[in-house]
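No value in this document is a laboratory result; all are computed from the given coordinates. Not measured: the values here are computed from a predicted model. Cβ placement follows ideal geometry from the backbone for every residue including glycine, while neighbour counts extend to all protein chains displayed.
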Amino acid sequence: MPFVISSVTGKTGWLQLNNPERKNALSLELCKELVRALADFKKQHIPVVIIRAEKDARTWSSGHDITQLPKVHHEPLAFDSPMEQALRAVQEYPGPVIAMVQGGVWGGACDLAVTCDLAIGDETSTFAITPVKIGLPYNAAGIMHFINRLGLNIAKEMFFTAQPVKADRAYHSGLLNYLVSSREIESFTAGLAETMAANSPMAIAVIKEQFRILSEGHSISPEAFERIQALRRKVYNSHDYAEGIKAFMEKRSPEFKGS
């Protein structure tokens, strides 16, 4: 079975995450298939794409497959890693990419949801960004995705607490564009996609790229960039990162030491 099920209805492309045994974890294989599917839709000139889980899913995605994270002393979220490539493929797709969310969204999957151009959720949707639970130093690009979508205060709270944000608050904080009942979410999302697909695809592509460029227009000095990298290396070379991964694999609470 494919990790991503691809289909087209009218002018809308649908991508269903299909790794139920791992709660749709963003494995290396799933991320690569997501990139390929988006590239295929781009060749077909599909103007709007919807990313979803199976109908009435309890978990939209459990996030990055922890078992595939690099061990200590290696960059866990490198620029060329499959998950980072998948996020860039969403950003660079020349048309709106919509996250249609049912169930829990965890860790790196929360980054995928906020990287999509719009997010629509039902009453079961929850969102949690959880790198601090395993001692993972999240990358600067990912943090900016949250700041751009939610603002600094909410982004800090989500990262520092690692606690789920329920659907109603997700809507009021701007994480969700629409909060729709589970009975209506599929038809509502399809209708919104059709509305967008009726507009000029060239104009939308150019406007989307302007949004991306302007939202990423935060210049930092080479020294600041090197400091960010040094800070992150300190974490992924630490006891806490090794302990976080080990505790997850052993299904126990980690014992962090702050070193």
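Ordered by residue, what ³J(HN,Hα) values in Hz, to whole numbers, does the range 196-202 give under the Karplus form 6.51 cos²θ - 1.76 cosθ + 1.60, where θ = phi - 60° and Gly and Pro are x?
So the J values, rounded to whole Hz, are 5, 5, 7, 8, 5, x, 5.
Compute the distribution of all C-alpha to C-alpha distances in the range 76-204, in bins of 10 Å from 0, and list the percent of pairs in each, rounded to whole numbers.
12, 43, 34, 11, 1
Step through the residues of the range 154-165 one at a time and calculate ³J(HN,Hα) from phi using the Karplus curve (6.51 cos²θ - 1.76 cosθ + 1.60, θ = phi - 60°), rounding each to whole Hz and writing x for Gly and Pro.
My calculation for the range 154-165 gives 5, 4, 4, 4, 5, 6, 6, 8, 6, 9, x, 9 Hz in order.
Out of residues 5 or more away from residue 27 or on other chains, whose amide H comes under 5 Å of its own, with H placed 1.01 Å from N in the peptide plane?
Here the answer is 65, since their amide H atoms fall under 5 Å of that of residue 27.
Work from the charge dipole of the chain (Cβ charges, +1 for Lys and Arg, -1 for Asp and Glu, about the Cα centre) and give the residue of 148, 187, 200 farthest towards its positive end.
Of the listed residues, the answer is 148.
Using only Cα atoms, what is the ratio of the radius of gyration of the chain to 2.2 N^0.38 Å?
0.99
For residue 8, enumerate residues with amide H under 5 Å from its amide H, sequence gap 5+ or separate chain, H modeled in the peptide plane.
14
Residue by residue, what Karplus-based ³J(HN,Hα) values in Hz, rounded to whole numbers, does the range 123-138 have, using 6.51, -1.76 and 1.60 with θ = phi - 60° and x for Gly and Pro?
Using θ = phi - 60°, the values come out as 5, 8, 6, 9, 9, 9, 9, 10, x, 5, 6, 10, x, 8, x, 5 Hz.
What is the Cα centroid distance between the range 203-246 and the range 128-151, reported in whole angstrom?
9 Å
Count charges around residue 19 for me, please; just the other residues with Cβ under 9 Å from its Cβ, Lys/Arg as +1, Asp/Glu as -1.
Summing Lys/Arg as +1 and Asp/Glu as -1 gives -1.
How big is the dipole moment of the range 4-197 about its Cα centre under a simple scheme where the beta carbon of each Lys and Arg is +1, that of each Asp and Glu is -1, and everything else is neutral? Debye, nearest 20, please.
Value, rounded to 20: 120 debye.
Pairs 23/166; 23/257; 32/246; 55/166; 156/246: which exceed 28 Å Cα-Cα?
Where the Cα-Cα span goes over 28 Å, the pairs concerned are 23/257.
By how many degrees, 0 to 90 and rounded to 10, does the Cα axis of helix 28-43 deviate from the longest principal axis of the chain?
30 degrees
What 222 nm value per residue comes from the helices of the chain, counting each DSSP H run with n ≥ 4 as -39,500 (n - 2.57) and dividing by all residues, nearest 500 deg cm²/dmol?
-14000 deg cm²/dmol
Please work out the Cα convex hull volume for the range 22-124 and give it in Å³ per residue.
93 Å³
Which cross-chain or sequence-distant (5 or more) residues have an amide H under 5 Å from the amide H of residue 122, H modelled 1.01 Å from N in plane?
Under 5 Å from the amide H of residue 122: 101, 103, 180.
Looking only at the range 4-197, where both bridge partners belong to it, what percent of the DSSP beta bridges are antiparallel (to the nearest 5)?
Once the DSSP bridges in the range 4-197 are tallied, antiparallel ones form about 30 percent.
Please name whichever of 177, 26, 135 sits farthest to the positive end of the charge dipole of the range 4-197, dipole taken about the Cα centre and charges placed at Cβ: Lys and Arg +1, Asp and Glu -1.
Ranked along the dipole, the leading option is 135.
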